[in-house]
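Take a look at the structure below.
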Amino acid sequence: MEISEVMKPDDVVIDVSLPSKPRLLEFVAQTAADALGLREGDILEALQSREHLGSTGIGAGIAIPHAPVEGLHAPFVLLVRLAKPIDFEAVDEELVDVVCLILTPSGEQNGYLKLLSKIARRLRSPEAVETIRHAADRQAIYQAMIDCDL
């Protein structure tokens, strides 16, 4: 599965101002719920349950909150660039300014792990992250995300 199959330019939100990790999780849950026609509470609960296992802040200012969600029929990816970095309890204790939400249907573990791996690899690319952090528009950020599609 390629990133471009589950992410569109409209799935990029730039320069969002949020004060904390809980507010960020609420924001992405609400944004996803609106896009998917699912309940915000179900998405938020899935994300919070995953975060209780350990922070999805992977380091270098990047977080990849992810969870399977009941009622979801296809993977959903949302990339958020924050206006100001926030504490996300990342493994390296760095503040986070790039957040990539991944939601997948329940029970599709194999596809879920492959998509998570592909996005994590893309967000380890210094060139991609530089573009994400400094691009003026969401189309450029989207392109930086899907350029890894091989």
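Only one of Ala74, Ala67, Ala32 is closer than 18 Å to Thr104 by Cα and loosely packed, with under 14 Cβ neighbours inside 10 Å; which?
Ala74
Of (1) farther than 17 Å from Val12 by Cα; (2) within 12 Å of the chain's Cα centre (by Cα); (3) not β-branched (Val, Ile, Thr), Met145 satisfies all except one. Which?
The one condition Met145 does not meet is (1).
If Ala46 satisfies all but one of (1) part of a helix (DSSP H, G or I); (2) touching a strand residue (DSSP E or B) at 6+ places or on another chain (Cβ under 7 Å); (3) of a type in the set (Gly, Ala, Ser); (4) under 25 Å from Gln143 (Cα atoms), what's the number of the condition it fails?
(4)
Just give me the residues in region 1-37 being assigned to a loop (DSSP other than H, G, I, E, B), over 17 Å from Ile119 (Cβ atoms) and in contact with a helix residue (DSSP H, G or I) (Cβ under 7 Å, 6 or more places away or on another chain), in sequence order.
Across region 1-37, the qualifying residue is only Leu18.
If you take the residues of region 1-12 that are surrounded by fewer than 18 Cβ atoms within 10 Å (Cβ to Cβ) and either over 19 Å from Pro68 (Cβ atoms) or touching a strand residue (DSSP E or B) at 6+ places or on another chain (Cβ under 6 Å) (or both), which of them is modelled with the lowest pLDDT?
Among them, the one singled out is Glu2.
Determine whether region 31-40 contains at least one residue that is among the hydrophobic types (A, V, I, L, M, F, W, C) and within 13 Å of the chain's Cα centre (by Cα).
Yes, some residue in region 31-40 is among the hydrophobic types (A, V, I, L, M, F, W, C) and within 13 Å of the chain's Cα centre (by Cα).
The values are calculated or read from the model by the stated rules, or taken from the named source; none is laboratory data. Since this is a predicted model, take the numbers as computed values, not measurements. Every residue, glycine as well, gets a Cβ built from its backbone with ideal geometry; the counts of neighbours run over all protein chains shown.
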